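Peer 1: Can you read through this structure? Questions will come right after.
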Amino acid sequence: MCAYVVLADDDPKQADLIRRYLEREGHAVGVVHDGRAALDEIRQRMPDLVVLDWMMPRVDGLDVCRVLRRESDVPVLMLTARAEEDDLLLALDLGADDYMTKPFSPRELVARVRTLLRRTGRGGAPGGGQQDEPVFVVGPLVVDPGRFEVRVDGRTAECTPGEFRVLEVLASAPGRVFTRKQILERLHGIDRYVTTRTVDGHVMNLRRKIEGDPARPTLLLTVYGVGYKIAEVRPPADADGPHAP
């Protein structure tokens with residue numbers, strides 16, 4: 001799997017180390033050292049994935065991620081020294097697809113990049129751009145993997161790649177409860193690098209996009225102590241039944 005990756009990090013030594021590991025994996029890498037240069041490079045080159053440091057001069061990584069999510073669905077892997085749970089949820093809330101805290105192993109980063117590329121079908125991944133995938137329709141919700149599109153009551157809901165994959169898993173089996181671990185396994189395979197909090201962050205963001213009232217969801221439901229499910233929407237009892245003459 002060969003991809004073009006934009007790496008934005010203001011630490012030249014760390015950036016050079018990451019670049020060498022990614023190139024060894026077969027990827028082409030564009031390195032920039034501040035947030036404004038990152039936006040310029042991404043807009044010009046349309047990369048397959050962005051590795052984005054949180055703390056950068058001119059424009060920080062969170063603001064870069066915020067801008068990107070208005071313009072693109074490119075997968076974003078955020079790097080940061082901040083390890084609090086609130087920081088993780090903030091990064092996911094702004095549209096990051098994955099999150100790594102420093103210090104980290106470059107091999108682990110390469111594994112995360114490989115997983116994101118495989119999951120989003122980018123960078124020449126086998127099976128990318130599938131056109132024969134089923135469309136999942138659950139009441140007002142439509143999840144179309146082939147078009148990478150989510151619609152609710154005919155309105156398009158813009159989702160990040162991570163959010164889309166979570167919704168795709170749940171919508172594939174309405175009424176079935178998936179544990180966080182099962183969702184992660186469907187998204188990533190058996191990947192020890194991704195935490196269940198990632199799923200919680202994506203669910204929180206999805207509710208803002210597909211629910212009329214995110215605080216009182218009717219589509220994407222929590223089954224306390226177990227996991228999440230998409231509500232099974234049944235047609236009215238007489239929808240297909242015999243009608244009186």
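The values are calculated or read from the model by the stated rules, or taken from the named source; none is laboratory data. These numbers come from a predicted model, not from an experiment. A quick note on method: Cβ atoms are made from the backbone with ideal geometry, for glycine too, and the neighbour counts reach across all protein chains shown.
Peer 1: Among the strands (runs of 3 or more DSSP E) lying completely within the stretch 18-93, list those that include at least 2 residues that are under 13 Å from TYR4 (Cβ atoms). Outline the logic, then answer.
Peer 2: Details: elements: 28-32, 49-53, 76-80.
The strands (runs of 3 or more DSSP E) meeting that bar are 28-32, 49-53.
Peer 1: Please determine, by comparing only the residues of the stretch 142-160 that are free of Cβ contacts under 8 Å to residues at least 24 places away in the same chain and in a loop (DSSP other than H, G, I, E, B), which one is surrounded by the most Cβ atoms within 10 Å (Cβ to Cβ).
Peer 2: The first filter runs over the stretch 142-160 and keeps only residues free of Cβ contacts under 8 Å to residues at least 24 places away in the same chain, leaving 142, 144-147, 149, 151, 153-156.
This time we only want the ones that are in a loop (DSSP other than H, G, I, E, B), so: 145-147, 153-154.
Numbers: PRO145: 19, GLY146: 12, ARG147: 12, ASP153: 11, GLY154: 7.
It comes out as PRO145.
Peer 1: From the list ALA244, ALA239, ALA215, exactly one residue is farther than 30 Å from LEU109 by Cα, assigned to a loop (DSSP other than H, G, I, E, B) and either at pLDDT 55 or above or among the polar types (S, T, N, Q) (or both). Which is it? Break it down into steps so the answer makes sense when it comes.
Peer 2: Details: ALA244 fails: either at pLDDT 55 or above or among the polar types (S, T, N, Q) (or both); ALA239 fails: either at pLDDT 55 or above or among the polar types (S, T, N, Q) (or both).
Result of the check over ALA244, ALA239, ALA215: ALA215.
Peer 1: Now a separate question. Write out, first by first residue and then by second, each pair whose Cβ atoms fall under 9 Å of each other, whose residues are 6+ apart or on separate chains, and whose first residue, in the stretch 21-35, is charged (D, E, K, R) while the second is part of a helix (DSSP H, G or I).
Peer 2: The qualifying pairs are ARG24/VAL110; GLU25/VAL110; GLU25/VAL113; GLU25/ARG114.
Peer 1: Next up: Go through the stretch 175-199 and report how many residues are at pLDDT below 90, part of a loop (DSSP other than H, G, I, E, B) and not hydrophobic (A, V, I, L, M, F, W, C).
Peer 2: 5
Okay, residues lined up against (1) of a type in the set (A, V, I, L, M); (2) at pLDDT below 85; (3) surrounded by 13 or more Cβ atoms within 10 Å (Cβ to Cβ); (4) closer than 20 Å to PRO12 by Cβ:
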residue: LEU49; (1), (2), (3), (4): yes, no, yes, no
residue: LEU52; (1), (2), (3), (4): yes, no, yes, yes
residue: PRO57; (1), (2), (3), (4): no, yes, no, yes
residue: ARG66; (1), (2), (3), (4): no, no, yes, no
residue: ASP86; (1), (2), (3), (4): no, yes, no, no
residue: ARG107; (1), (2), (3), (4): no, no, no, no
residue: VAL138; (1), (2), (3), (4): yes, no, yes, no
